[in-house]
Amino acid sequence: MKTTKLLITLFFFYVTLSAQAATPGSCEHIKKITKPGDILFISLPGHLFYEQVEKAMNHWASHVGFVLEENGELIVTESTYPFSKDTKFCDFVDRAKGKIAVSRLKNRKLNDRDLEELRYSSKERLGVYYHLGFKLRSSKQFCSKFVWEVFQEALGVEIGKVETFQELLDSHPDQASRDQAVQFFNVWFFRWAIPFVSNIPWDRETVTPKSQYEDRDLKTVWTWEK
């Protein structure tokens with residue numbers, strides 16, 4: 001009888017763990033979908049800065065990183081504040097509070113050499129401070145620039161569109177959303193990026209998670225919204 005009860009208990013424990021592992025949006029579920037070289041886009045609502053960034057960029061994705069394998073485990077390498085780093089896969093996924101998407105190169109299957117090149121190029125940029133002014137031509141990093149530079153150097157593929165702040169803000173679908181974005185960036189550059197200069201650097205080049213998510217060289221493998 002005791003043996004039977006023990007087996008039943010173990011059975012239900014296994015079923016519970018299996019259900020948790022298979023839950024859509026859970027780390028283990030996303031791990032099964034994801035491959036090294038995939039790009040992860042996440043939304044971070046609930047954080048005032050990221051909410052404003054999503055509105056200013058006119059897109060749900062406010063952060064991006066890409067997946068590599070290290071010692072048999074998936075990691076996400078990313079540029080985040082205060083500096084670029086490798087992050088445990090589940091820590092990155094759990095940070096997402098809204099939508100999350102897994103994207104993959106559409107017309108190129110990555111081989112071991114490709115992944116080695118991605119690893120090398122990313123390591124060269126780890127520990128680099130975050131650029132609060134989102135300046136592409138800079139020694140500092142920010143999330144979408146990190147992805148753009150690494151894929152360009154390692155694979156010769158540019159993920160995302162290089163555009164000026166003028167072009168970025170002019171791409172808003174209506175005047176109201178553009179005005180709101182201009183207001184945000186005026187405050188942002190005055191307070192943090194270019195202290196005491198209340199002016200958007202209109203000619204500054206940047207690259208956004210939005211343009212990377214919409215890049216024609218990528219295909220969306222999976223999306224989910226919490």
(request) Would you check which residues across the stretch 55-65 are buried (at least 22 other Cβ atoms within 10 Å of the Cβ) and under 13 Å from the mean Cα position of the chain (by Cα) and list them? (result) 61, 62, 63, 64, 65
(request) Among residues belonging to the stretch 98-125 that are in a helix (DSSP H, G or I) and hydroxyl-bearing (Ser, Thr, Tyr), point out the one that is farthest from the chain's Cα centre (by Cα). (result) 120
(request) Scan the stretch 71-83 residue by residue and report those that are touching a residue at least 24 places away in the same chain (Cβ under 8 Å), more than 10 Å from the chain's Cα centre (by Cα) and not in a loop (DSSP other than H, G, I, E, B). (result) 74, 83
(request) Quickly run through the stretch 161-178 and pick out the residues that are free of Cβ contacts under 8 Å to residues at least 24 places away in the same chain and loosely packed, with under 12 Cβ neighbours inside 10 Å. (result) 170, 174, 175, 176
(message) Of all residues being within 21 Å of residue 169 (Cβ to Cβ) and over 13 Å from the mean Cα position of the chain (by Cα) in the stretch 27-52, which is surrounded by the fewest Cβ atoms within 10 Å (Cβ to Cβ)? Just the residue, please.
(response) 48
(message) Can you confirm whether residue 146 is over 13 Å from residue 37 (Cα atoms), among the hydrophobic types (A, V, I, L, M, F, W, C), surrounded by 17 or more Cβ atoms within 10 Å (Cβ to Cβ) and in contact with a strand residue (DSSP E or B) (Cβ under 6 Å, 6 or more places away or on another chain)?
(response) yes
(message) Which condition from (1) of a type outside the set (Val, Ile, Thr); (2) at pLDDT 95 or above; (3) surrounded by 19 or more Cβ atoms within 10 Å (Cβ to Cβ); (4) closer than 17 Å to residue 213 by Cβ is the one that residue 106 breaks?
(response) (3)
(message) Out of everything in the stretch 89-101 that is surrounded by fewer than 20 Cβ atoms within 10 Å (Cβ to Cβ) and at pLDDT 95 or above, what residue ends up being nearest to residue 125 (Cα to Cα)?
(response) 91
(request) Give, as residue ranges, the helices (runs of 4 or more DSSP H) completely inside the stretch 150-226 that count at least 2 residues that are at pLDDT 95 or above. (result) 165-170, 209-213
(message) Which of the numbered conditions does residue 86 fail, given that it passes all the others? Conditions: (1) part of a helix (DSSP H, G or I); (2) among the charged types (D, E, K, R); (3) surrounded by fewer than 18 Cβ atoms within 10 Å (Cβ to Cβ).
(response) (1)
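The values are calculated or read from the model by the stated rules, or taken from the named source; none is laboratory data. All of these numbers come straight from a predicted model, not from anything done at the bench. Note: ideal-geometry Cβ built from the backbone for every residue, glycine included; neighbour counts use all protein chains shown.
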